[in-house]
Amino acid sequence: MPARTILTDERPISGLFFEADSIQAGSNGVTHIEAYQEPGQGAYVPWFAVFEDAEIVSRVNAAHVVQVVYFTE
């Protein structure tokens with residue numbers, strides 16, 4: 001099985017963790033988190049869109065994320 005990347009992993013994201021903080025689906029109005037890519041300097045860069053219902057309320061550069069946690073079935 002090929003390795004999954006942040007951009008190809010289709011599992012729903014439960015939370016993003018940083019050195020001293022976190023963003024978690026189901027907390028503080030966050031309904032879901034999606035990985036996507038933005039153009040960068042010479043290549044695309046992974047980012048995360050943080051949603052409250054259907055509205056993006058923030059975007060996070062994946063370079064600042066220490067851990068991505070996925071929902072388990």
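The numbers here are math on the coordinates, done by the rules we state, and not lab data. Quick caveat: nothing in here was measured; it's all calculated off a predicted structure. So basically every Cβ, Gly included, is an ideal-geometry build from the backbone, and we count neighbours across all protein chains shown.
For the condition surrounded by 14 or more Cβ atoms within 10 Å (Cβ to Cβ), in contact with a helix residue (DSSP H, G or I) (Cβ under 9 Å, 6 or more places away or on another chain) and not aromatic (Phe, Trp, Tyr), what is the one hit in 62, 49, 25, 35?
Working: 62 fails: in contact with a helix residue (DSSP H, G or I) (Cβ under 9 Å, 6 or more places away or on another chain); 49 fails: in contact with a helix residue (DSSP H, G or I) (Cβ under 9 Å, 6 or more places away or on another chain); 25 fails: in contact with a helix residue (DSSP H, G or I) (Cβ under 9 Å, 6 or more places away or on another chain).
After ruling out the rest, the residue left standing is 35.
Can you name the residue in the range 1-22 that is within 11 Å of the chain's Cα centre (by Cα), hydrophobic (A, V, I, L, M, F, W, C) and in a loop (DSSP other than H, G, I, E, B) and, of all such residues, is surrounded by the most Cβ atoms within 10 Å (Cβ to Cβ)?
Ranking the candidates gives 6 first.
Taking only the range 28-60 into account, find how many residues are touching a strand residue (DSSP E or B) at 6+ places or on another chain (Cβ under 8 Å) and either outside any strand (DSSP E or B) or of a type in the set (Ser, Thr, Tyr) (or both). If you could, list the steps in order and put the result at the bottom.
From the range 28-60, those touching a strand residue (DSSP E or B) at 6+ places or on another chain (Cβ under 8 Å) are 29-39, 44-51, 56-60; that's our starting set.
Retained after the next criterion (residues that are either outside any strand (DSSP E or B) or of a type in the set (Ser, Thr, Tyr) (or both)): 29-31, 36, 44, 58.
Summing the residues that are touching a strand residue (DSSP E or B) at 6+ places or on another chain (Cβ under 8 Å) and either outside any strand (DSSP E or B) or of a type in the set (Ser, Thr, Tyr) (or both) in the range 28-60 gives 6.
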